[in-house]
Amino acid sequence: MKPMPHPKDERTLVIIKPDAIERSLVGDIVSRFERIGLKIVGAKMVIASPEHIEAHYTLDPEWRVKTGEKSIKAYTDKGQKHPVSDDPIKVTDVVLMKLRKYMTSGPVLVMALEGAHAVAIVRKLIGSTEPLSSDVGTIRGDFVLDSYQMADIDNRSVRNLVHASGSVSEAEKEIAHWFKPEEVIDYRHIQEKILYDVNLDGILE
Ligand code: CMP
């Protein structure tokens, strides 16, 4: 039988989006991932093509439905009707068109991060998709003030600074989409000794 994967070996994909780069927030954002104990195992700056962006978002076959439903719910929660459609797929078609423009408007910094429960921890640190409702203390809650409503009025994507994988299987597909295998580096980080070592021996002489 294959041994259970250890949670500390989990990896996730993060994209620091063009708006974060233009606002010089790279250091602030990356420092939040570093300070919690995640290890950077891959990083590169790229100008993505619209096709690469569309392929990235549609790697998960459920993404179209989930994204449309989330957007419709943001309106129904306020007792309003979605301005585009009540069909999630039609809503997402429009979102995707805007995303192709947003995500290719400048360079992005793509990162693979590794550490215990990397997928869930990073999603917690970045906060929910819409900055208006992201919790204070999260990256989106602290550094940006956008909303679905503003994005719809101005016919553009929600500017929320970062993307992060939603599940372990999605992370595997997304890392393979952005990185060649040799661009993701296996190495030991000194703080892993304190984060994960079972006995914590070797501290006292
Ligand atoms: P991200 O986590 O990268 O996943 C999809 C992105 O699409 C999301 O962050 C937002 O930038 C954008 N987005 C999602 N829903 C909408 C929407 N309803 N209107 C505009 N942009 C959206």
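Points to keep in mind about this one:
- Restricting the stretch 103-142 to residues that are outside any loop (DSSP other than H, G, I, E, B) and more than 15 Å from the chain's Cα centre (by Cα), the residue that is farthest from Ile21 (Cα to Cα): Ser133
- Each residue in the stretch 46-98 was checked for being more than 10 Å from the ligand (Cβ to nearest atom), under 17 Å from Ile15 (Cα atoms) and hydrophobic (A, V, I, L, M, F, W, C), and 5 pass.
- Considering the stretch 165-176, the residues that are open to solvent by less than 70 Å² (accessible area, probe 1.4 Å) and among the small types (Gly, Ala, Ser) include one that is farthest from the ligand (Cβ to nearest atom), namely Ser169.
- Test: residue in the stretch 99-112 that is under 21 Å from Arg159 (Cα atoms), crowded, with 19+ Cβ neighbours inside 10 Å, of a type outside the set (Phe, Trp, Tyr) and within 10 Å of the ligand (Cβ to nearest atom): yes
- Residues in the stretch 75-118 that are of a type in the set (A, V, I, L, M, F, W, C) and in contact with a Leu (Cβ under 9 Å, 6 or more places away or on another chain): Val110, Met111, Ala112, Leu113, Ala116, Ala118.
- Residues satisfying the stated conditions in the stretch 147-159, i.e. among the hydroxyl-bearing types (Ser, Thr, Tyr) and either away from the ligand (no atom under 13 Å from the Cβ) or not in a loop (DSSP other than H, G, I, E, B) (or both): Tyr148
- Within the stretch 15-41, tally of residues that are among the basic types (Lys, Arg), open to solvent by 40 Å² or more (accessible area, probe 1.4 Å) and assigned to a loop (DSSP other than H, G, I, E, B): 1
- Filter result (farther than 17 Å from Tyr148 by Cα and open to solvent by 70 Å² or more (accessible area, probe 1.4 Å)) within the stretch 42-95: Met45, Ile47, Glu51, Pro61, Glu62
- Within the option set Leu125, Leu204, Leu132, Leu200, being in contact with a Ser or Thr (Cβ under 8 Å, 6 or more places away or on another chain) and free of Cβ contacts under 8 Å to residues at least 24 places away in the same chain holds for one residue only, Leu132.
- Restricting Val119, Val162, Val144 to those that are near the ligand (Cβ under 9 Å from one of its atoms) and either crowded, with 18+ Cβ neighbours inside 10 Å or charged (D, E, K, R) (or both) reduces the list to Val162.
The values are calculated or read from the model by the stated rules, or taken from the named source; none is laboratory data. Only a predicted model underlies this, so the values are computations on that prediction, with no experimental measurement involved. Neighbour counts are summed over all protein chains in view; Cβ atoms, including those assigned to glycine, are modelled from backbone coordinates with ideal geometry. What goes into the accessible areas is simple: the full protein's heavy atoms, side chains included, and nothing from ligands, DNA or RNA. Shrake-Rupley method; radii C 1.70, N 1.55, O 1.52, S 1.80 Å.
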